[in-house]
Amino acid sequence: MLQFNKYFEALLKTSGINIKHTYYCPHTKEGNCICRKPKPYFLRKAEQDHHVSLRSSFVVGDHPHDIEMAHIVRATSVYVLSGHGKKHKEELQIKPDFIANDLYEAAFWIVRKTQTRAIL
């Protein structure tokens, strides 16, 4: 995951987008820690550290826990079918705000949604 994050950050940087911080849980599910999804520990931490409005944020993920976490903080949820998404889709207990085939479609939908919000 760390390798992917570094790659993704470098890719975004080429478009002038800088990631301020990356949060991740190093624990296993058996550890019952405070930071493992769907617990919103790191979202709340980002909210405090970077003055982020979670209700105005998007959570994009390929696991039902990502959608549960978005629901807990009232963020807009985007479920991506690429990665592990197809495999876990039947486990969804909360309906995501949008289901995307891949990250590109998710990003396109988010841009369109934020442009609509700006108009309203």
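FYI, it's all coordinate maths here, none of it is from the lab. Every value quoted in this text rests on a predicted model; they were computed, and no experiment measured them. Note that we place each Cβ from the backbone using ideal geometry, even for glycine, and neighbour counts take in every protein chain shown.
Starting from the alpha-carbon convex hull of the chain, give the projected area averaged over all orientations, in nm².
8.2
Of Leu81, Leu2, Leu12, how do they rank once you tally other Cβ atoms within 10 Å and put the fewest first? Present the calculation step by step, with values, prior to reporting the outcome.
Values: Leu81 17, Leu2 8, Leu12 12.
With the fewest neighbours first, Leu81, Leu2, Leu12 line up as Leu2, Leu12, Leu81.
Please report the net charge: other residues with Cβ closer than 10 Å to the Cβ of Tyr79, K and R +1, D and E -1.
-1
Restricting to DSSP H runs of at least four residues, report the calculated mean residue ellipticity at 222 nm for the chain, -39500 (n - 2.57) per run over all residues, nearest 500 deg cm²/dmol.
Using -39500 (n - 2.57) per qualifying helix, the result is -13000 deg cm²/dmol.
Residue by residue through segment 83-89, which ³J(HN,Hα) values in whole Hz follow from phi under the Karplus form 6.51 cos²θ - 1.76 cosθ + 1.60 (θ = phi - 60°), with glycine and proline marked x?
So the Karplus estimates, Gly and Pro as x, are x, 8, x, 4, 4, 9, 4 Hz.
Projecting each Cα onto the charge dipole of the chain (Lys/Arg +1, Asp/Glu -1 at the beta carbon, about the Cα centre), which of Trp109, Leu43, Leu11 comes out farthest on the positive side?
Checked the options; the winner is Leu43.
At 0.36 nm per residue, and after removing the present C-alpha to C-alpha distance, how many nm does the segment from Glu47 to Thr28 gain when stretched out fully?
Value of the extension gain: 4.4 nm.
Computed on alpha carbon atoms, what radius of gyration and Dmax characterise segment 53-114, expressed in Å?
Just the Cα atoms of segment 53-114 yield Rg and Dmax of 10.6, 31 Å.
Identify the trypsin sites (Lys or Arg not before Pro) of segment 25-120 meeting these criteria: DSSP loop state and at most 14 other C-beta atoms within 10 Å of the C-beta.
Arg74
Give the separation of the Cα centroids, segment 83-116 to segment 1-50, in Å.
18
Output the lone cysteines of the chain: those with no second cysteine's C-beta under 4.7 Å from their C-beta.
Cys33
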